[in-house]
Amino acid sequence: MMRYFHRQVQLWGEETQQSLQTKKIVIIGCGGLGSSLAYALGSSGIGEIHLVDFDEVSVHNIHRQIAFKVGDEGKLKADVVKESIESRCPFVKVYAHIGRLEAFTCKGINVDLIIDATDNLPTRGLIDAYAKEVNTPWLYGSVEAFNGQVCFFEKSSFKAFVISNKTPSGIAAPIVMHIASLQANLALRYLAGLSVKKDLLYYLYINEEGELITQKFGMPH
C-alpha cells in the first residue's frame, strides 16, 4: 500500500497514511463536484466512501462530470463512480446508495465527514440539518458559470443562505473541477489530522478582465 501512496507518504509519513484507512466519508451527489471529489479522495487512501445519488447519466453531463464517458448514458451515476474509483484504488471500499439524502440518513451509517456535491440550496439545507443532528462536520461546495464557493461547516449554520430553488445558469467545466479540488484538499487535511479553517466561506470568481478573485467571509454561528 505504501508504494501506491508513495508521494503522500513523503508528505506526512506512513502513520498518517495508514490512519486514512480508518476514515469514512459520504459524498452527497455524483455529478460534477461529486465525481471529481470521488476521484480525488478515492485515490488518496480514504478507507470507506459512501456515494448518495438517485440520478442516471445523461449526455449533457459528460463534459464536466469526469467519471463518465460516452456510452454511460442511462447508467446510475453512483454505480459508475463506485466501479471507477474501486478500479483505480484497491485500498478503498465504495458503497453506492441509490436514492435521495433522506433515504441515506435513515440507515444510521456513521461517517467522519459529510461532503456536499449537490446542485441546489434546499438539499444543502437538509445536509446541514443532518450534519447537526449527527454532530458531524460537512463541506459545502457550489458552482455557477465561472464562480464557486466552498465552506467547511462545523458550528455555523447554513441558514445564513437564502434557500431557494433557483436553477444555476451555465457552468464551465474547469470551475467544477477547481471547486471540487478545494473541497477535496480541505477534506483530506481534516481527515489526516491537519489544521483546517472552519466556518469560513471562500468565494472565488473570475471577473470580466479574467482575473481570479478570492474573497473570504466568516459565517455566523
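Before moving on, here are some points about what is shown:
- Among residues of segment 185-208 that are closer than 15 Å to residue 45 by Cα and open to solvent by less than 30 Å² (accessible area, probe 1.4 Å), those with a beta-carbon under 7 Å from a residue that is modelled with pLDDT of 95 or more and charged (D, E, K, R) at least six positions away or on a different chain give the pairs 191/23; 191/112.
- Among the criteria (1) open to solvent by less than 30 Å² (accessible area, probe 1.4 Å); (2) over 16 Å from residue 191 (Cβ atoms), the one residue 70 does not fulfil is (1).
- Selection status of residue 48, of a type in the set (D, E, K, R), open to solvent by 10 Å² or more (accessible area, probe 1.4 Å), within 27 Å of residue 3 (Cα to Cα) and out of contact with any strand residue (DSSP E or B) (no Cβ under 8 Å at 6 or more places or on another chain): no
- Count of segment 97-128 residues which are closer than 13 Å to residue 24 by Cβ, of a type in the set (D, E, K, R) and open to solvent by less than 30 Å² (accessible area, probe 1.4 Å): 0
- Condition met for residue 175 (of a type in the set (Val, Ile, Thr), more than 28 Å from residue 5 (Cβ to Cβ) and touching a residue at least 12 places away in the same chain (Cβ under 8 Å)): yes
- Of the residues making up segment 209-221, those that are open to solvent by less than 80 Å² (accessible area, probe 1.4 Å) and part of a loop (DSSP other than H, G, I, E, B) number 3.
Yes or no, residue by residue, for (1) part of a loop (DSSP other than H, G, I, E, B); (2) in contact (Cβ under 8 Å) with a residue 24 or more places away in the chain:
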{"residue": "9", "(1), (2)": "no, no"}
{"residue": "15", "(1), (2)": "no, no"}
{"residue": "30", "(1), (2)": "yes, yes"}
{"residue": "33", "(1), (2)": "no, yes"}
{"residue": "38", "(1), (2)": "no, yes"}
{"residue": "60", "(1), (2)": "no, no"}
{"residue": "68", "(1), (2)": "yes, yes"}
{"residue": "81", "(1), (2)": "no, yes"}
{"residue": "94", "(1), (2)": "no, yes"}
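- Unique residue being at negative phi, in a helix (DSSP H, G or I), in contact with a Gly (Cβ under 9 Å, 6 or more places away or on another chain) and at pLDDT below 95 when the list is 163, 179, 175: 175
- Selection from segment 129-146 of residues that are open to solvent by less than 10 Å² (accessible area, probe 1.4 Å) and either out of contact with any Cys (no Cβ under 6 Å at 6 or more places or on another chain) or farther than 16 Å from residue 182 by Cα (or both): 131, 138, 139, 141
- Selected residue [more than 23 Å from residue 189 (Cα to Cα) and open to solvent by less than 10 Å² (accessible area, probe 1.4 Å)] from 57, 94: 57
- The single residue among 169, 181, 156 that is under 18 Å from residue 118 (Cβ atoms) and either open to solvent by less than 50 Å² (accessible area, probe 1.4 Å) or in contact (Cβ under 8 Å) with a residue 60 or more places away in the chain (or both) turns out to be 181.
- Selection status of residue 78, within 20 Å of residue 124 (Cα to Cα) and either modelled with pLDDT of 95 or more or of a type in the set (A, V, I, L, M) (or both): yes
The values are calculated or read from the model by the stated rules, or taken from the named source; none is laboratory data. These figures come from a predicted structure and were not determined experimentally. Neighbour counts are summed over all protein chains in view; Cβ atoms, including those assigned to glycine, are modelled from backbone coordinates with ideal geometry. Just the protein is used for accessible areas: all its heavy atoms, side chains included, with ligands, DNA and RNA removed. Shrake-Rupley method; radii C 1.70, N 1.55, O 1.52, S 1.80 Å.
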